[in-house]
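Engineer: Sharing a structure, written as structure tokens. Questions coming.
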2 protein chains.
Amino acid sequence: MEELIIKGRKAREASWFLAMASTADKNKVLEHVAEDLVRKSGNILTANHNDMVNAEKAGLKGAIMDRLLLTEDRVKSMAGGLTQIAALEDPVGEVLAMKKRPNGLVIGQKRVPMGVIGIIYESRPNVTADVFGLCLKTGNAAILRGGKEAYASNRAITDIIQKVLAEEGFPAECLQLVENTSRDSAVALMQLDEYLDLLIPRGGAGLIRTVVENSHVPVIETGVGNCHIYVDESADLDQAVAITINAKTQRPGVCNAAESLLVHEKIAADFLPMVGAELIRHKVEIRGDKAVCQLIGEAKPATVEDWGTEFLDLIISAAVVPSMDGAISHILQYGSGHSEAIITENYTRAQDFLNRVDAAAVYVNASTRFTDGFEFGFGAEIGISTQKLHARGPMGLRELTSTKYIIYGNGQVRE
Amino acid sequence: MEELIIKGRKAREASWFLAMASTADKNKVLEHVAEDLVRKSGNILTANHNDMVNAEKAGLKGAIMDRLLLTEDRVKSMAGGLTQIAALEDPVGEVLAMKKRPNGLVIGQKRVPMGVIGIIYESRPNVTADVFGLCLKTGNAAILRGGKEAYASNRAITDIIQKVLAEEGFPAECLQLVENTSRDSAVALMQLDEYLDLLIPRGGAGLIRTVVENSHVPVIETGVGNCHIYVDESADLDQAVAITINAKTQRPGVCNAAESLLVHEKIAADFLPMVGAELIRHKVEIRGDKAVCQLIGEAKPATVEDWGTEFLDLIISAAVVPSMDGAISHILQYGSGHSEAIITENYTRAQDFLNRVDAAAVYVNASTRFTDGFEFGFGAEIGISTQKLHARGPMGLRELTSTKYIIYGNGQVRE
């Protein structure tokens with residue numbers, strides 16, 4: 001697709017500029033954009049209003065409309081995000097290790113930008129400013145392909161950013177928005193491996209699957225979280241109730257919310273009525289195995305599909321297990337490798353669970369809801385990786401960089 | 001494909017065992033395999049003889065026959081590689097950083113195996129043992145899909161390894177060889193993302209391209225090296241000649257050999273006749289631009305394709321550039337991001353070149369031939385990555401691992 005090849009080439013050129021830009025200059029751009037987003041919020045809100053009207057006409061409803069909506073406060077929050085990114089340390093340029101080899105070569109590994117990053121996202125226009133901020137700070141050019149329903153909002157935000165880039169002496173092509181929002185442009189972006197170093201899909205499971213199956217560009221898979229809370233026989237039961245309720249109900253629509261509860265059989269008769277009453281008070285539907293249904297009258301029988309489902313809703317699956325081994329087998333079989341927690345007072349169990357469970361984040365005695373770049377102290381987040389290559393778990397600025405080996409010689413040749 | 005789904009499931013189970021195996025047990029397997037490969041080398045050489053006879057019947061010739069051939073010495077060298085890997089430090093289990101958050105959560109990032117690694121390779125049967133050693137040491141199960149022409153050799157090596165695995169109490173499925181060597185099995189492996197965490201193609205540009213375009217599994221792209229030597233106006237010309245000759249001729253068939261020479265115009269008249277005479281003495285064909293052809297009588301005119309070609313042979317392209325900027329532009333345009341070198345005595349030029357050239361390895365005053373896991377001090381190498389995601393440059397044991405966050409809490413819930 002002609003549009004994308006041209007944008008790819010321009011992004012590659014912009015990335016060469018960005019790789020050499022100083023931290024001070026990049027921060028100046030971020031702060032200037034933050035100001036202009038607020039100052040020109042009228043443009044953004046007018047464009048967003050058009051998107052909302054068209055989306056309503058097209059029959060979109062509910063959560064998707066809320067994700068599409070921008071308000072004065074949401075624009076301020078976008079701007080605030082950029083100011084925060086400006087305040088973070090620039091990871092580019094750090095030399096990770098520098099060693100002298102026996103032949104006198106001095107070899108170091110230097111942190112450098114990825115180059116050009118593509119993002120395919122759905123309805124949330126604030127992603128436009130967030131991704132720009134993270135990419136600019138790390139010296140990466142970005143090509144954004146947002147959803148059709150958010151095009152006017154994304155365009156208005158991009159126009160403001162590109163104007164600032166030009167005013168600050170940066171190539172406007174540090175950020176480019178794909179104009180064609182058809183399915184074809186998403187596919188073309190996935191095939192743009194001549195110019196793209198990395199592609200990140202941000203959206204639902206369907207979008208992520210399509211990108212994984214079709215991309216020629218290296219992908220980081222984000223998102224799906226079928227997270228478990230395993231309550232061991234040795235657990236502090238009050239703590240276990242508090243953590244289960246928090247992990248399930250504090251924000252049920254996100255990937256680090258718990259979807260499944262596993263309870264050791266020795267404490268099932270004590271614990272399940274306790275947690276059941278609290279879950280029901282929080283309007284959570286319980287889908288349990290036979291033992292759970294016997295101990296919690298309101299529980300419905302779980303189907304096999306329930307064990308593998310990310311509900312993203314006030315629903316939890318629950319099972320009684322004969323041992324921690326049983327819990328770990330269940331998690332290995334049904335988990336999505338996102339976040340898993342054990343509640344236990346037993347030292348050996350805690351260490352074993354941490355060692356044996358294969359997930360991006362494994363917890364002892366804490367809510368899975370903490371799997372998040374801000375909670376982990378990164379100050380920013382571009383997504384939560386559920387793959388093992390390059391980055392696993394919350395991704396901050398560092399995960400948007402690569403490295404290169406730099407080698408100082410004095411005439412060495414290989415024998 | 002049924003065979004691969006079964007192998008995938010078994011590999012996944014083996015990977016759970018391997019993730020918990022101790023370093024001592026893994027080393028014991030490696031040393032036992034090293035012994036048995038030598039002790040049973042007769043089996044391997046007989047199988048290899050069959051492969052060689054069939055390959056000859058099929059009309060294969062030259063370099064491919066040499067890559068396919070095993071000898072007593074080559075088997076000993078395979079075994080020696082495993083002994084060396086046993087002696088290296090086990091990267092699994094290291095905790096990279098452990099920090100206490102303000103809410104009391106203690107968060108660390110622990111190095112863990114990838115899980116299951118797939119390798120698609122061509123004619124060299126020694127890859128079977130090499131990959132097994134690297135994967136076992138790092139706690140990864142491996143599924144190998146070798147070339148049709150090397151099947152009997154690969155099978156014989158795999159049989160010996162699987163027998164040792166079983167004898168040492170490890171699942172034999174820590175290493176599996178795909179029996180179907182049709183194109184279909186390669187495609188099926190690329191689509192085995194339910195069970196594979198990483199796929200590494202080892203072979204020619206065609207194989208790598210096919211994998212990049214078709215894999216649903218995360219890929220590390222290895223190999224293509226169009227490496228440049230830029231001789232700056234301030235270079236020590238004798239050093240520049242020695243490095244150019246070494247980088248071009250010491251082993252021309254490998255990816256870190258130089259393919260192109262760029263010379264600053266101010267020293268072209270002095271340097272090109274010097275280096276030209278030496279290149280010709282080493283039987284190197286020179287394909288030059290107009291200026292080069294004027295200064296080296298034996299040079300042939302270069303075509304546009306020559307600038308972008310990895311010759312892997314005693315051929316070098318050569319151009320005169322007006323400045324270091326000109327050299328860097330040329331490298332940005334035609335380089336493959338593998339290894340690039342500047343020869344200079346000027347401090348600022350050296351630093352600028354290191355900063356601005358975007359490649360896996362950038363050298364000052366040394367031969368590009370050093371881009372190699374052993375030369376970099378890793379003690380082992382699974383390939384040289386030319387992509388930016390996960391690993392860039394020579395990949396050793398560490399690059400075959402992932403990380404997971406481990407979090408110690410005492411009842412924390414998110415507000």
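Engineer: Of all residues being buried (at least 24 other Cβ atoms within 10 Å of the Cβ) and part of a helix (DSSP H, G or I) in segment A:247-270, which is farthest from the other protein chains (Cβ to nearest Cβ)? Just the residue, please.
Structural biologist: The qualifying residue farthest from the other protein chains (Cβ to nearest Cβ) is A:LYS248.
Engineer: Separate question: Which of the residues that make up segment A:171-198 are facing another protein chain (nearest Cβ under 10 Å) and buried (at least 21 other Cβ atoms within 10 Å of the Cβ)?
Structural biologist: Within segment A:171-198, the first condition is being facing another protein chain (nearest Cβ under 10 Å), and the residues that meet it are A:191, A:193, A:197-198.
Scanning segment A:171-198 gives A:ASP197, A:LEU198.
Engineer: Suppose we keep only residues that are under 14 Å from A:GLY133 (Cα atoms) and among the small types (Gly, Ala, Ser) within segment A:50-104. Which one would you say is farthest from the other protein chains (Cβ to nearest Cβ)?
Structural biologist: It comes out as A:ALA79.
Engineer: Quick one: which residue in A:LEU189, A:LEU207 is in contact with a Lys or Arg (Cβ under 8 Å, 6 or more places away or on another chain), outside the structural domain of A:LEU354 (by TED's automatic domain parsing) and over 18 Å from A:VAL284 (Cβ atoms)? Break it down stepwise before answering.
Structural biologist: Details: A:LEU207 fails: in contact with a Lys or Arg (Cβ under 8 Å, 6 or more places away or on another chain).
Answer to the check: A:LEU189.
Engineer: Kindly indicate whether any position in segment A:329-350 is more than 10 Å from every other protein chain (Cβ to nearest Cβ), in contact (Cβ under 8 Å) with a residue 60 or more places away in the chain and within 13 Å of the chain's Cα centre (by Cα).
Structural biologist: Within segment A:329-350, one or more residues are more than 10 Å from every other protein chain (Cβ to nearest Cβ), in contact (Cβ under 8 Å) with a residue 60 or more places away in the chain and within 13 Å of the chain's Cα centre (by Cα).
Engineer: Please give the helices (runs of 4 or more DSSP H) falling wholly within segment A:276-394 in which 2 or more residues are polar (S, T, N, Q) and surrounded by fewer than 17 Cβ atoms within 10 Å (Cβ to Cβ).
Structural biologist: On the way: elements: A:290-295, A:304-307, A:324-334, A:347-356.
Hits in segment A:276-394: A:324-334, A:347-356.
Engineer: Still on this structure, I have one more. Could you run through segment B:115-153 and say how many residues are hydroxyl-bearing (Ser, Thr, Tyr) and within 21 Å of B:VAL217 (Cα to Cα)? First the steps, then the outcome.
Structural biologist: Filtering segment B:115-153 for residues hydroxyl-bearing (Ser, Thr, Tyr) gives B:121, B:123, B:128, B:138, B:151, B:153.
Narrowing further to those that are within 21 Å of B:VAL217 (Cα to Cα): B:121, B:128, B:138.
Selection size over segment B:115-153: 3.
Engineer: Mind checking which residues of segment B:357-388 are under 13 Å from the mean Cα position of the chain (by Cα), within 17 Å of B:GLY335 (Cβ to Cβ), of a type in the set (A, V, I, L, M) and more than 7 Å from every other protein chain (Cβ to nearest Cβ)?
Structural biologist: Matches in segment B:357-388: B:ILE384 only.
Engineer: Suppose the filter is in a helix (DSSP H, G or I) and not assigned by TED's automatic domain parsing to the domain that holds A:SER336; does A:THR158 pass it? Before the answer, list the steps.
Structural biologist: On the way: in a helix (DSSP H, G or I): yes; not assigned by TED's automatic domain parsing to the domain that holds A:SER336: yes.
For A:THR158, the condition - in a helix (DSSP H, G or I) and not assigned by TED's automatic domain parsing to the domain that holds A:SER336 - is met.
Engineer: Among the listed residues A:ILE117, A:ILE107, identify the single one that is within 14 Å of chain B (Cβ to nearest Cβ), under 30 Å from B:GLY379 (Cα atoms) and at pLDDT 95 or above. Break it down stepwise before answering.
Structural biologist: Values: A:ILE117 fails: under 30 Å from B:GLY379 (Cα atoms).
Step by step, each of A:ILE117, A:ILE107 is checked, and only A:ILE107 is within 14 Å of chain B (Cβ to nearest Cβ), under 30 Å from B:GLY379 (Cα atoms) and at pLDDT 95 or above.
Engineer: Check segment B:147-159 and report whether any residue there is in contact with a Cys (Cβ under 8 Å, 6 or more places away or on another chain), surrounded by fewer than 24 Cβ atoms within 10 Å (Cβ to Cβ) and in contact (Cβ under 8 Å) with a residue 60 or more places away in the chain.
Structural biologist: Narrowing segment B:147-159 to residues in contact with a Cys (Cβ under 8 Å, 6 or more places away or on another chain): none.
No; the residues of segment B:147-159 include none that is in contact with a Cys (Cβ under 8 Å, 6 or more places away or on another chain), surrounded by fewer than 24 Cβ atoms within 10 Å (Cβ to Cβ) and in contact (Cβ under 8 Å) with a residue 60 or more places away in the chain.
Engineer: Are any of the residues in segment B:51-60 of a type in the set (A, V, I, L, M), within 30 Å of B:PHE170 (Cβ to Cβ) and either at pLDDT 95 or above or in contact with a Gly (Cβ under 8 Å, 6 or more places away or on another chain) (or both)?
Structural biologist: From segment B:51-60, those of a type in the set (A, V, I, L, M) are B:52-53, B:55, B:58, B:60; that's our starting set.
Narrowing further to those that are within 30 Å of B:PHE170 (Cβ to Cβ): none.
The answer is no; no qualifying residue exists.
Engineer: How many residues does segment B:10-49 contain that are part of a helix (DSSP H, G or I), within 14 Å of chain A (Cβ to nearest Cβ) and hydrophobic (A, V, I, L, M, F, W, C)?
Structural biologist: Number satisfying all stated conditions: 7.
The values are calculated or read from the model by the stated rules, or taken from the named source; none is laboratory data. On a predicted model such as this, the values are computed, not experimentally measured, just so you know. Methodologically, a virtual Cβ is constructed for each residue, glycine included, from the backbone with ideal geometry; neighbour enumeration extends over all protein chains shown.
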